[in-house]
Structure formats: C-alpha cells, structure tokens
Amino acid sequence: MAAGLHETGGRAEADFYARLPVFGHFSQLTDPGLYMPVPDDWVLGLSDIVRSTSAIGAGRYKEVNTAAASVIAAVSNKLGTSAFPFVFGGDGASFALPASQADLARETLAAVAAWVRDSFDFELRIAVVPVSEIRARGHDVRIARFAASPDVSYAMFSGGGLAYAEQRMKDGAFTIPPARPGTLPDLTGLTCRFDEIMPQRGVILSLILLPDPMASTDAFNALVGQVLSLVDGQEAGRPLPENGPALTTPFKGFGIEAKTVTRDGAGLVTLGKLAGLRLISFAILRFGLTVGRFDPARYRRQLVENTDFRKFDDGLRMTLDCTPALADRLEALLMEAQQKGTAHYGLHRQEAALMTCFVPSATRSDHIHFVDGAMGGYAMAARALKPAA
C-alpha cells in the first residue's frame, strides 16, 4: 500500500488496510477493539466453487484448492502487492478493495472464473458486493490484521457482512459472468509443488465454528476462547513439520501449475522453461543449496511461519494436526455448544493436509501459503455444518 497517507477524501479510505494495527497473538482475535469498519465505499469480492464437494469426492481436492487460491494470486498480481485484505476458504476466496479498484476486482474475478472453467471444468461463482449495500441490510464489515509471522499478516473479518454477502452471491445477487473462453489471468507465483503432509499427532482436523444468529456475542467469543485454549498445547499444532513439507519429485503438481502459464498445452517453450525451473528449485530445496540471495533453510522456516492455517472470517476456521483424543474433546465441546444454541460447527478428520503456495518472489520473505485438509478440508467441514445451520 502507498505510504505518505493524507487524512482526506478517497486516499485515506484507499489506505485503510495499511493503517490498521497488527496484532500478534491469535487468541486476541475476539477483541472487538482490533476490528475497524471498512470504508462505506469499498467492495467485497467473492468466489465459491459450485458443487465443490462432488469434485472433492472425485479426489480433485488439489484442483479445488488451486482454483480458490488463484483468486488471491490473480488479484495480488493485478494490484502489484499482497497487502490487501483477503481470506482463503478452501473452495473459494474473498477479498476487500476500495471503490477505485472495483472494476479491477470485477475484471480479475471474471478472468479467473474463465480460467477455472477452462482448466478444471469447475463453475466458479463470483460476485462484487458494495459494503454500503451490506450495511443497508443491517450487517457490518470490520477487519483486523493478524501477524502470522514478522513478514506476513492476514485479514480477519467480523460483523457478519462477509457471511451475508456470500449468501447473497449464492442466491444469485451481484454475480458476474466469466470472461470469454481462453482468458488467462496473471497467476505468476501460484504453485503446488509439495507432497501431502502427514500428521505427526494422529489426525488432520478441519474445523469451522460459526455463531448462532440468536446467540450473544459474548457467549460465542467465550466458546472461541475455550477452543483456542484446548488447541494451545502439545496435543495440537500447525499441520506442518518444523522444516516444512517433503519434496519427493520435481514434477509434483506439474500438470496443475502448467495450467497457470499456458492454455490447452500450448506454448511448449513456456512449459519447457517451467519444467527447467522446477528441476532447479527442486535441487536447491532438496539439497539445501544457497544460490545468490536465496537461502533454502531460511525459505523453509519462513514457509512454515507464513502459513495460513487458522483464521477468522465471521467465524473460526482452523486446520490442525492434533491427537484423536483432542479431536474428540473438541467435538464434544462444540456439540454441547450447538445444543445450547451458542454456535454451529463442522468438523472433518483426514489423514493428511495439503498446501497451495503463492510465491511471487522466492528471495522475498512475504510469500504466503494456504493449508487445507487433503481429503476435503474446509469444504467437507462446511458440508457437515449445513444440516445444523
């Protein structure tokens, strides 16, 4: 975001996100004082893969995650920065931008939807919703910034406005048609080169916890505090080993990544360059070779720290490596809370996690990494949530 802010007119509103204070302890996420109202003339960009659970059931969860993360990569590349508020949801992604970038949001979403359709035969539902419209309907959009590491911060959303906008999109409001066939957005840096990540404690748990509309905010926040206390110990942690996920082949996920740089297998020179770069990067990471300004040990350390494995977007979402016993205790706690009318929840247990990366430059420290369960993750947790919601 631009420096040298002037506290007048649209410039101050455009720099809203850059001015937000950054909090460093995830347990602070329920503090309402950390969330600032998004300017009235901003917009929310939304996306969601239609029938994602069917695709996941067919074993296409990596393609689902890549399609969702492509929204964030394309917007970031168009803006020239990743310093804007966004959230990755496994089978979709959302973001917020000032009014001056609303057309950019529409054009980029349309391009990504066309690419997702052409590359994976998925229907990516997309919409741009004015924040003023959300507030007119009695909801709010408030944002905080959580520092996942010294180098990366992620947006947290509260106020109910994001959830409301997503439901309006699913109802057919504010939707945008995809761009013409063959459109290829700028997806530079979007990669998927790592193996599935095996749990060290027993199970990969995807968790979604949403407030009941009739429950008090205090009751829901207290429940979130209980959940965070339970997972703050030896029985749970981030779903990555200390040195990052394993690399077993230089061409893991090559077919998916190839789709980000060329259409329909065309561009043999481009594909050859991609293959060469993957071979080189594989050797560097596998053997720990320092090349120029790139230090593979530092990169792996940053990769782990920068991972987006927990978030708050009108509800708590986490992907954890935890013991089966802790998963049982969490489920019992959340079931009781649902019966009391405090919250709705969805849990999905699986045998591995997977990671999708956005690395515009490997020599910078602000590369970002999205983690989800490898057998459906957030999408399957949301499916478990639906009958009770």
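Worth pointing out:
- For the stretch 128-187, the set of residues classified as basic (Lys, Arg) and either within 14 Å of Asp40 (Cβ to Cβ) or not in a strand (DSSP E or B) (or both) consists of Arg135, Arg137, Arg142, Arg168, Lys170, Arg180, listed by residue number.
- Summed over the stretch 32-47, the residues that are assigned to a strand (DSSP E or B), in contact with an Asp or Glu (Cβ under 9 Å, 6 or more places away or on another chain) and surrounded by fewer than 21 Cβ atoms within 10 Å (Cβ to Cβ) give a count of 1.
- For the stretch 130-144, residues that are within 19 Å of the chain's Cα centre (by Cα) and either among the aromatic types (Phe, Trp, Tyr) or crowded, with 21+ Cβ neighbours inside 10 Å (or both) total 3.
- Matching residues in the stretch 297-319 - criterion: being part of a helix (DSSP H, G or I) and either hydrophobic (A, V, I, L, M, F, W, C) or closer than 16 Å to Ala379 by Cα (or both): Ala297, Leu303, Val304
- Any hit, the stretch 11-22, residues being surrounded by fewer than 16 Cβ atoms within 10 Å (Cβ to Cβ) and modelled with pLDDT of 95 or more: yes
- Residue check, Ser70 hydroxyl-bearing (Ser, Thr, Tyr), within 19 Å of the chain's Cα centre (by Cα) and not in a loop (DSSP other than H, G, I, E, B): yes
- Identity of the residue in the stretch 215-261, in a loop (DSSP other than H, G, I, E, B), among the aliphatic types (A, V, I, L, M) and modelled with pLDDT of 90 or more, that ends up farthest from Phe358 (Cα to Cα): Ala215
- Residue within the stretch 179-190 that is among the acidic types (Asp, Glu) and surrounded by fewer than 20 Cβ atoms within 10 Å (Cβ to Cβ) present: yes
- Condition met for Leu124 (modelled with pLDDT of 95 or more, crowded, with 21+ Cβ neighbours inside 10 Å and touching a Gly at 6+ places or on another chain (Cβ under 7 Å)): no
- Flag for Leu334 being within 18 Å of Gln226 (Cα to Cα) and not in a loop (DSSP other than H, G, I, E, B): yes
- Residue selected from the stretch 352-384 under the condition in contact with a strand residue (DSSP E or B) (Cβ under 8 Å, 6 or more places away or on another chain) and farther than 23 Å from Gly237 by Cα, by the criterion surrounded by the fewest Cβ atoms within 10 Å (Cβ to Cβ): Thr363
- Residue in the stretch 84-99 that is over 19 Å from the mean Cα position of the chain (by Cα) and not basic (Lys, Arg) present: yes
The values are calculated or read from the model by the stated rules, or taken from the named source; none is laboratory data. Computed from a predicted structure; not experimentally measured. Cβ sites come from the backbone with ideal geometry, for glycine too, and all protein chains shown count toward neighbours.
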